[in-house]
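Working notes, beginning with the structure itself.
FYI, it's all coordinate maths here, none of it is from the lab. Since the model is a prediction, treat every value here as computed from it, not as a measurement. Here the Cβ positions follow ideal geometry from the backbone for every residue, glycine too, while neighbour counts run over all protein chains shown.
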Amino acid sequence: MISMIPQIVEKLWNKYDLEGPVREHCKKVMEFALRIAERAEKNGLKLDKKIILFGALLHDIGRAITHDPFQHFLKSAEILRNEGLEEEIVRIVERHFSAGITAKEAEKLGLPIKDYIPETLEEKIVSFADNLTFGSEIKNFKSFLERLERIDLEKPDLKWFTEETRKRAIKMKEEIEKITGMEF
Ligand SMILES: [Fe+2]
């Protein structure tokens, strides 16, 4: 397993002064995402592990600017685009929140109106690994759904966590289970 942190990642973490606990979280997400990817590859799938590694390590760099759950991934993408990273990596970062956000939901949340739904397997794997990684601890899928419910309760006016969102999260979990043979 690749476990070293590329120099460019360290440089960006330092440049934006990303907090230590967020860096630790990103490392855990990277390890977990690569573990999922390796299992999928054993089952015959071909994945780009390099962009999974970069996407996972940088997905939360926007937390150097804001911890707002509905804003930080936009900041992450903005930073990485400005820094000239590959679009494949930027999209992983931009689509990592929850099981994605539809254009309709984005409008309700006051975000630039477009889909933020993970599409490629690399995007899904990083998003899913992040969903289950609480700080530096990996939990189960049920805990993730509970966390979404908590975010929803904190921002009741948004009515954000809909049945559609829940179904999308479950579908992503089932897909990852199918390609890896793992259970979450
Ligand atoms: Fe995040």
Could you please rank 150, 63, placing first whichever residue has the fewest other Cβ atoms within 10 Å of its Cβ? 150, 63
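With the cut-off at 25 Å, report for the stretch 7-179 the share of all Cα pairs above it, as a whole percent. Mind showing how you got there, number by number?
On the way: 3946 of 14878 pairs.
Pairs farther apart than 25 Å: 27 percent.
Using a simple charge model, +1 on the beta-carbon of Lys and Arg, -1 on the beta-carbon of Asp and Glu, nothing else, what dipole does the chain show about its Cα centre, in debye to the nearest 20? Walk me through the numbers on the way to the answer.
Working: 32 positive and 35 negative charges, 56 e Å.
Around 260 debye, computed over the chain.
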Compute log10 of I(q)/I(0) for the stretch 116-166 with the Debye formula, placing one identical point scatterer on every Cα and leaving out solvent, at q = 0.17, 0.28, 0.32 Å⁻¹, to two decimals. -0.60, -1.12, -1.14
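As an exercise, take the mean of 1/r over every pair of distinct alpha carbons in the stretch 1-91, invert it, and state the Kirkwood radius in angstroms.
Details: mean 1/r = 0.0744 Å⁻¹.
Taking every pair of different Cα atoms in the stretch 1-91, averaging 1/r and inverting gives 13.4 Å.
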In deg cm²/dmol, rounded to 500, what helix-only [θ] at 222 nm does the chain give when every DSSP H run of at least 4 residues adds -39500 (n - 2.57) and the total is split over its residues? -19000 deg cm²/dmol
Given 79, 33, 156, which one lies farthest toward the positive end of the charge dipole of the chain, if we put +1 on the Cβ of every Lys and Arg and -1 on the Cβ of every Asp and Glu? 33
